[in-house]
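The values are calculated or read from the model by the stated rules, or taken from the named source; none is laboratory data. As the structure is a prediction and not an experimental result, all values here were calculated from the model. Glycine gets a Cβ as well: all are built from the backbone with ideal geometry, and neighbour counts include every protein chain shown.
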Amino acid sequence: RLAAFELVRRLPGLRGAERDQALFQLGQARRRLGDLAGAEEALIAIAAESAWFPKATAELAELYAIQGKTKRAIKAYQALIRTLPESEARPVRLRLGEELLATRNYEGAIDAFRPLQECDDAAMREAAWYGAGWAATRANLHSRAVWFWHQAIREFPTSARIREARLNLANHYLRMGKLGFAAEQLLAVRERNDEPSADSIAATAEFVAAEAAVQAGDWVRAIRHYKAAGQAPRWAEASAYGVGYTLWQAGQLAEAEDAFEVSLAAYPAGRMRAAARYALGRVQGDRGRPGDARKAYLTVLGSGKGRWAEEALFQLAGLDLAQDRPAEAMAWCRRLIGDYPTGRLATPGLWLLAESQLASGAISDAIESYGRLAKLPESLSFLEGRGDRVMYKLGLAYFKSGDLQSAEAAFRQVRPAVKAVGGEARFWRAETLYRLGRHGEAADLFEEVIARYPDAGKTAEAAYGLGWAELRRGRRGPAMWAFKQAAEKLLDAPMKRDAYQRLALLQLDAGSYREAQEALKQVLKLDEGGDPTEGAFYLAWSQMRAGDLEDAGRGFAALADRSPLSQRGRQARNYQGQVLLRLGKFAEAGRAFEALAAAGDWGEELDP
């Protein structure tokens, strides 16, 4: 106090450096006396060009820090750094970084620590890496934080703060989904730690390592780590669930089912019971036991709303749709959308609802649902083909409703290059154009499907459609080629038979009688168990035109004997008589004509 009084007394008579020194000493004295305002007044009176200015600024910064005037302290530190050589500015930079970190100016703190990270003072360098790590951690700058903590560990592997760095690094890796790297850091902490918390960290490390192994598809290692983590009460239930989940993903369904049953029995009121019950249902479904799966999902629903109830509703809808119970599926979907309108499965639920409506014949409702989906392109990542698949199904719904114009417009919006539905959409657009009478456009699209989508499963049907489109255009040659392709490749028996018959008729019209006979024989094969009248008639007729009179005569006779009073039977009897005349078998021909006369009608000679 006396020193301060003496300085104040002498101050008016001092000039230059002596006065600045006195002001500095006065500021120090007043700060020690608790006169902070007076100390500030003395220190800020020192001129910037004075040799005492750096010391005064440092004192002023500490004064502001003591008073909690952080912004002023930061400005003082920044001003001081500009006046000092780099070697002397280092501790000031460190204090500046700490103040910026305390005020949540994380980017500023990182900038302040950066010059210190390459200095030759190891202690200063370590403090800078750790300071930058904390700044990036608190700012949730995960990638930058990972870099800072990695550098701290790499440069100072024996630091007393290494545990702090590894735990922070592991935390960032967890947030980034890099479980394997997180596990490495946690395991390293476990191996070098003898604190009371080491066992807890060890169990956490084992659990994270298990999760990382699942992520990598290393099922054996995952189960080993889960079992190790399960020794700690904190991770016991989660690890039991993890073992079941891992076995399920590994395809060991029987073992997975047993593991989930064990988990549910061991933790009947556990926080993961709904997850385990849901997973049990999935496993039972994968094992071909939809009834048991349904019971599991219903049990999940009984435990209240939540993520797993949402998942269970979705699975129940899928089960009913797969088992041809679209009405029940629609009910589950509506409940799912109603209970969880903003949930993860709201859009997939709407998709299942649309599919169920289409399957049940509620076409107008399906059109509305597909239309709603078409307005949610950013939410369709769950769906192969995304928006293109939605437009394809919308087109099918319009097609079934008879609104061919809207169907064609929807099919047209599906991009041809989309593998999932491009070929199907082009095929159905061609079908739609055919029904609209736009046969030329339909033919072009059918040809495109045949050439561009050989693996789409619609090549044969497209060839059949092309045949009809070309026939409508009066192009018999291309129609013949198309029906031949269709007849050889179609699996659907009625369509295959019709393709062979159309091919045969076109070949007859073109005078290719022997080729027509081969096609007609295929028609008769496909008629087994049905009515072979038409096929048998045209086969005999083609044999007659080809000059195979004996075969033709037998064919006409068999047909006439089988159906003597039908139109085809009378026509066959007429042709039988004509064939016998040409063979010179006049008596037999006479009997044939007599039989025809007895039938009451000579029949109309039809030229196929």
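Things to note:
- Among residues that are free of Cβ contacts under 8 Å to residues at least 40 places away in the same chain, of a type outside the set (D, E) and more than 23 Å from R334 (Cα to Cα), A374 is not included.
- Residue, nearest to R452 (Cα to Cα), within the range 403-418, restricted to residues that are of a type in the set (A, V, I, L, M, F, W, C) and in a helix (DSSP H, G or I): F411
- Residue within the range 232-242 that is in a loop (DSSP other than H, G, I, E, B) and either in contact with an Asp or Glu (Cβ under 6 Å, 6 or more places away or on another chain) or within 30 Å of Q323 (Cβ to Cβ) (or both) present: no
- Within the range 269-314, tally of residues that are of a type in the set (S, T, N, Q) and closer than 18 Å to R335 by Cα: 2
- Residue in the range 507-519 that is buried (at least 22 other Cβ atoms within 10 Å of the Cβ), closer than 30 Å to S566 by Cβ and basic (K, R) present: no
- Screening A366, A451, A359 for residues that are surrounded by fewer than 19 Cβ atoms within 10 Å (Cβ to Cβ) and within 27 Å of the chain's Cα centre (by Cα) leaves exactly one candidate, A359.
- Within the range 329-342, residues that are on the phi < 0 side of the Ramachandran plot reach partners that are part of a loop (DSSP other than H, G, I, E, B) and among the aliphatic types (A, V, I, L, M) with beta carbons closer than 7 Å, at six or more positions or on different chains, in the pairs L336/L345.
- Criterion (over 23 Å from F148 (Cβ atoms), buried (at least 20 other Cβ atoms within 10 Å of the Cβ), at pLDDT 85 or above and under 27 Å from the mean Cα position of the chain (by Cα)) met by exactly one of A182, A210, A203, A229: A210
- Long-range neighbours under 6 Å by Cβ, at least six apart or interchain, first residue free of Cβ contacts under 8 Å to residues at least 40 places away in the same chain within the range 396-408, second outside any helix (DSSP H, G or I) and among the hydrophobic types (A, V, I, L, M, F, W, C): L404/L436
- Filtered residue count, the range 253-288, keeping only those that are in contact (Cβ under 8 Å) with a residue 12 or more places away in the chain, in a loop (DSSP other than H, G, I, E, B) and not aliphatic (A, V, I, L, M): 4
- When R497, R452, R473, R502 are checked against the criterion of being under 29 Å from D388 (Cα atoms) and among the charged types (D, E, K, R), R452 stands alone in meeting it.
Rundown of residues vs (1) surrounded by fewer than 14 Cβ atoms within 10 Å (Cβ to Cβ); (2) out of contact with any Lys or Arg (no Cβ under 8 Å at 6 or more places or on another chain), yes/no style:
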residue: A504; (1), (2): no, yes
residue: L526; (1), (2): no, no
residue: E534; (1), (2): no, no
residue: P564; (1), (2): no, no
residue: R570; (1), (2): no, yes
residue: K585; (1), (2): no, yes
residue: E594; (1), (2): yes, yes
residue: A597; (1), (2): yes, yes
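- Residue in the range 583-594 that is free of Cβ contacts under 8 Å to residues at least 24 places away in the same chain, in contact with an Asp or Glu (Cβ under 9 Å, 6 or more places away or on another chain) and part of a helix (DSSP H, G or I) present: no
- Entirely in the range 419-516, the helices (runs of 4 or more DSSP H) that have 3 or more residues that are over 30 Å from A397 (Cβ atoms): 476-489, 493-509
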